[in-house]
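Each remark here refers to the structure printed beneath this line.
The values are calculated or read from the model by the stated rules, or taken from the named source; none is laboratory data. Predicted model, so just to flag it, every value in this text is computed and none were measured. Quick reminder, even Gly has a Cβ in these numbers, built from the backbone with ideal geometry, and neighbours come from all protein chains shown.
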Amino acid sequence: MAIDLSFSDTFAQRHIGPSDTEVDTMLDTLGYESLDALVDATIPDTIRTERPLTLPPAQTEEQVLDDAQSRGEKNDNWRSFIGMGYHGTLTPPVIQRNILEDPAWYTQYTPYQAEIAQGRLEALLNFQDMTIDLTGMEIANASLLDEGTAAAEAMLMLNRVDRRSDASTFLVAEDCHPQTIEIVKGRAEPVGIDVIVEDPENFVFGEDTFGCLLQYPTTDGAVRDYSTIAERAHENDAYVAVAADLLSLTLLEAPGEWGADAVLGSTQRFGVPMGYGGPHAAYFATRERFQRQVPGRMIGVTKDADGEMALRMALQTREQHIRRGRATSNICTAQVLLAVMASMYAVYHGPEGLKRIATRVHDLTKTLAEGLRRTGHSVRHDHFFDTLRVDLAETKQERIRERAEAHQMNLRYYDDGSVGVALDETVNAEDLDALFTVFGATNGQRLYADEVAADLDSGYEGPVARRTSYLDHPVFNKYHSEGELTRYMKSLAGKDLSLTHSMIPLGSCTMKLNPTAALMPISDPQFAKLHPFAPKEQAQGYQQVIEELSDQLTEITGFDDVSFQPNSGASGEYTGLLVIQAYHEAQGEGQRDVCLVPESAHGTNPASANMAGMDVVTVDCDDNGDVDLDDLREKAEANSDRLAALMVTYPSTHGVFEEHIEEICDTVHEHGGQVYLDGANLNAQVGLCRPREYGIDVCHLNLHKTFSIPHGGGGPGVGPVCTAEHLTPFLPGHPVVDTGGENGIPPIAAAPYGSALILLISWAYIKLLGPDGLTKASKTAILNANYVAEQLSSHYDIVYRGPNDRVAHEFILDLRPFRQELDVTEQDVAKRLMDYGFHAPTMSWPVVGTLMIEPTESESKAELDRLCRAFKSIRDEIAEVESGAVSVEESVLKQAPHTAEMVTATEWTQSYSRETAAYPAEWVRENKFWPTVRRVNDAFGDRNLFCACPPVDAYDADEEDELEAALDA
Ligand SMILES: *Cc1c(COP(=O)(O)O)cnc(C)c1O
């Protein structure tokens, strides 16, 4: 045999769980000769692609890391003093390593199962508490996608709560960040809101105006006292939204104190690298009376079955999957990991540390202002925090620019010839010296920052100086040493189940392996430190990665082009629909505004269609869970003149490859509509079929599902939109950076390429697997799902099956009969799984009373078998209730989950043993994961909504009344 000199270790072997022999064993149980035979039986022939992936062959981890590094070296890491909502920041290494780079944090799922998520829930509660304190508001969420979209959400919320039905004008102050203005305008249009961009000082609040947006400090740095504007707005029944810089609020009066009704902004500069645009978390705070209108997720305090305090996501019934057509926002995935980082930055520095940082940044700015004045320039605004707008004396902007470039500095260049400089905590005296040189001392003598500073007093002395305290809660005042913070972060991580413990079999969420090698490049400063508005010439490495990933994805999907702007799947849906609308308009068919959405669709689909101003018409599903073709034809026919789009998920949300997808597309096309694919679930398709080939016009992908960006406990996400050629011209543009199609829709995110930093992860993932590995991953995902379905089918019913009785990459387990007959619910099973060390599958979606299981290709046969054994054992526990051996109330199922405290208590009154409670399977003895609270009480929490850090005495209150009183106080 000839010698093979290629590397023996391919990454596909590491990514794909089952070995080749295990694959054969699993195929045996299913009765198939080969993986290909199984796939042929599962995916209808008509939609299989004839063209295998043409991508470069798989690379080793070492090679991919080298490639990433070489791309990074093509980025020029200049000093950026651009500001505009993005600032240099010093990520504390202890946070970088123990949150951002720790799989115990980044591989967590959204904290729907509160009992095994108390750690991140606490970190997010800290985030809310920090937001509430700094903004001076009553309630806050955790978290939103970015500042621009948070501003749009504020506008929409204020419009909803406005009691007048006809007020439809919203004022946006002209000195908001330009990308924010464009996003707000873009979001207003489809829902019929008129945005006026003006100086708020001169604005007359008429009857038609329901609100306004102010930037604090303004985009060019001015600190203004907005109290009279707020008063005028309120006198005229208009609400006030404020986009505020969080760090400045440590020195400036909280907007809540001068009348803001909603405050929002970015938390990027709290230790989260700029990353050429993201990901970062936005914050959102408002008045208590709007609590049911707040977009995104809110963490709340409640109690568990023992009356102990516990945290969970509050008001979950508001989530769009329950509200569907009436949903007010489509936010799901929303930057949780970054919110955790920002909250830890506040925990680490505490109130005094933050104030010191802010004061230093302000002092640097003061010094700069003074030096520039001495140089003969004038600083436009007397009162500023960290940003100056400089009106130049004699020198031309062009000259300053040349000198700045010679010093490798990016400044902000205004159209009127002035120059902007924004400072941050990374700036030092040498930077100021260099800035003085760039601005050219007119007296011919060099200026030194230290000398200028020597003549100045420290601290903020302008108007609206802050008088109130913040971050008084103990959590912000006791973990300031690295040792203490490390232990705090580890103690929180220890409460949370993640992929480091077991598989997380979440249907529709694809919790696959997040390859370490794919994640390493995001820590490279050559990528992490770039400002999103840095000139493209400085971001050649990024531009190359973006282009390469775009090529990879168009090859995989068959589409023409990609926009990476959307920061989540839902944001991708919204973008895709606007692109469709823009296309119809260009065709002279702007009247097309009906969106068909099958009843099985993910809740974000109808919510996004609403936001796009479309009328949602629901299409029925048949008994198989497939789109009901007759109903589709009827509704397409009935709305023929107005049909804009159909949103369809493939494979269906029920986990089957519908055989009629091409007919579905044809029907919509015949009536002039476009077909939108919710491609969040591409995991069974990569290398096997291409959405464009079976008739789709536009789709989004969830890179945080199929393409290995970690879930982060609920974000970051990337939801790129892929378009067919006729839709490409409408991909979103950006006011600051040239991107998008030639007739691009307005930006739908603050940064031109969205969360550019984490595009590296998907780029690396695709390179690591190569075309063969990617295709094998899809096939194995199908195998793993069918294997688990087969194992479980003798114990539970599988709700839907596709051709040849096969399921796709996920399937739905029916628990409804147990609820009807025995009062054993899907909740009980989900909570009992925790005692076995597992995270529950997706609960009650898309079918109420069921669990949807998606194993992914990354899980080994051993892990799949373990999950199956847990389910079988739980089925035996159900059988005990069935036979009458135990009553349902006394059953181990209703009592689950069990904490260490409960099973070690002196008293034990349960009908089953302590061993059954805590060690129901042999593997738990080796590696027990303990839920830290017992079953949480959602109803109590929603009745007593409390979304800040609870006062210390609430921790030992164990009666409902006491807890309520402690939280009320
Ligand atoms: C996850 C998912 C979405 C939403 O994606 P986000 O990133 O959470 O906004 C939409 N549709 C389907 C089918 C999904 O599984």
Problem - Failed item, numbered, when residue 152 is tested on (1) out of contact with any Asp or Glu (no Cβ under 6 Å at 6 or more places or on another chain); (2) surrounded by fewer than 20 Cβ atoms within 10 Å (Cβ to Cβ); (3) under 30 Å from residue 470 (Cβ atoms) - result: (2)
Handout entry: Any chance residue 261 is crowded, with 20+ Cβ neighbours inside 10 Å, more than 30 Å from residue 757 (Cβ to Cβ), among the charged types (D, E, K, R) and at pLDDT 95 or above
Key = yes
Practice task
Inspect all residues belonging to the stretch 94-104 and state whether any of them is in contact with a Leu (Cβ under 9 Å, 6 or more places away or on another chain), surrounded by fewer than 18 Cβ atoms within 10 Å (Cβ to Cβ) and closer than 21 Å to residue 860 by Cα.
Solution key: yes
Exercise for the section: Determine, yes or no, whether residue 495 is in contact (Cβ under 8 Å) with a residue 40 or more places away in the chain and in contact with a Ser or Thr (Cβ under 7 Å, 6 or more places away or on another chain). Expected result: yes
Practice task
From the list 254, 339, 244, pick out the single residue that is crowded, with 23+ Cβ neighbours inside 10 Å, of a type in the set (A, V, I, L, M) and within 16 Å of the ligand (Cβ to nearest atom).
Solution key: 339
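With the requirement that a residue be on the phi > 0 side of the Ramachandran plot and among the acidic types (Asp, Glu), what does the stretch 810-866 give you?
Of everything in the stretch 810-866, just one residue is on the phi > 0 side of the Ramachandran plot and among the acidic types (Asp, Glu), namely 823.
Show me the helices (runs of 4 or more DSSP H) found entirely inside the stretch 862-969 where at least 1 residues are among the basic types (Lys, Arg) and crowded, with 17+ Cβ neighbours inside 10 Å.
Counting at least 1 such residues, we get 892-895.
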Fill in the blank from the handout: Just one listed residue, out of 485, 435, 471, is under 27 Å from residue 85 (Cα atoms) and outside any loop (DSSP other than H, G, I, E, B), and it is 435
Exercise for the section: Would you check which residues across the stretch 601-615 are touching a strand residue (DSSP E or B) at 6+ places or on another chain (Cβ under 6 Å) and surrounded by fewer than 21 Cβ atoms within 10 Å (Cβ to Cβ) and list them? Expected result: 615
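Which one of these is hydroxyl-bearing (Ser, Thr, Tyr) and under 29 Å from the mean Cα position of the chain (by Cα): 906, 842, 899, 825?
Numbers: 906 fails: under 29 Å from the mean Cα position of the chain (by Cα); 899 fails: under 29 Å from the mean Cα position of the chain (by Cα); 825 fails: under 29 Å from the mean Cα position of the chain (by Cα).
Within the list 906, 842, 899, 825, the selection yields 842.
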Exercise for the section: Answer yes if at least one residue in the stretch 684-704 is touching a helix residue (DSSP H, G or I) at 6+ places or on another chain (Cβ under 7 Å), aromatic (Phe, Trp, Tyr) and modelled with pLDDT under 95, and no otherwise. Expected result: no
Practice task
Run residue 552 past the list (1) without any contact (Cβ under 8 Å) to a residue 24 or more places away in the chain; (2) closer than 13 Å to residue 759 by Cβ and report the number of the one that doesn't hold.
Solution key: (1)
Problem - Of residues in the stretch 144-166 being in contact with a helix residue (DSSP H, G or I) (Cβ under 8 Å, 6 or more places away or on another chain) and of a type in the set (A, V, I, L, M), the one farthest from residue 413 (Cα to Cα) - result: 161
Practice task
Can you give me the number of residues within the stretch 584-621 that are part of a loop (DSSP other than H, G, I, E, B) and polar (S, T, N, Q)?
Solution key: 3
Exercise for the section: May I ask you to list the residues in the stretch 653-678 that are at pLDDT below 95 and either under 23 Å from the mean Cα position of the chain (by Cα) or closer than 21 Å to residue 575 by Cα (or both)? Expected result: 653
Fill in the blank from the handout: Picking from 558, 507, 541, 483, the residue that is surrounded by fewer than 21 Cβ atoms within 10 Å (Cβ to Cβ) and touching a Ser or Thr at 6+ places or on another chain (Cβ under 9 Å) would be 558
Fill in the blank from the handout: Here, strands (runs of 3 or more DSSP E) confined to the stretch 217-286 with at least 2 residues that are closer than 22 Å to residue 196 by Cβ are 239-244, 262-266
Exercise for the section: Give the residue, chosen from 27, 55, that is surrounded by 18 or more Cβ atoms within 10 Å (Cβ to Cβ), modelled with pLDDT of 95 or more, outside the structural domain of residue 706 (by TED's automatic domain parsing) and not in a helix (DSSP H, G or I). Expected result: 55
Handout entry: Residue pairs meeting the criteria (Cβ under 8 Å; at least 6 apart or on separate chains; first assigned by TED's automatic domain parsing to the domain that holds residue 102, in the stretch 710-728; second within 15 Å of the ligand (Cβ to nearest atom))
Key = none
Fill in the blank from the handout: Filtering the stretch 790-825 down to residues that are among the hydrophobic types (A, V, I, L, M, F, W, C) and free of Cβ contacts under 8 Å to residues at least 40 places away in the same chain yields 798, 815
Practice task
Evaluate the stretch 726-742: report whether one residue or more is surrounded by 24 or more Cβ atoms within 10 Å (Cβ to Cβ) and in a strand (DSSP E or B).
Solution key: no
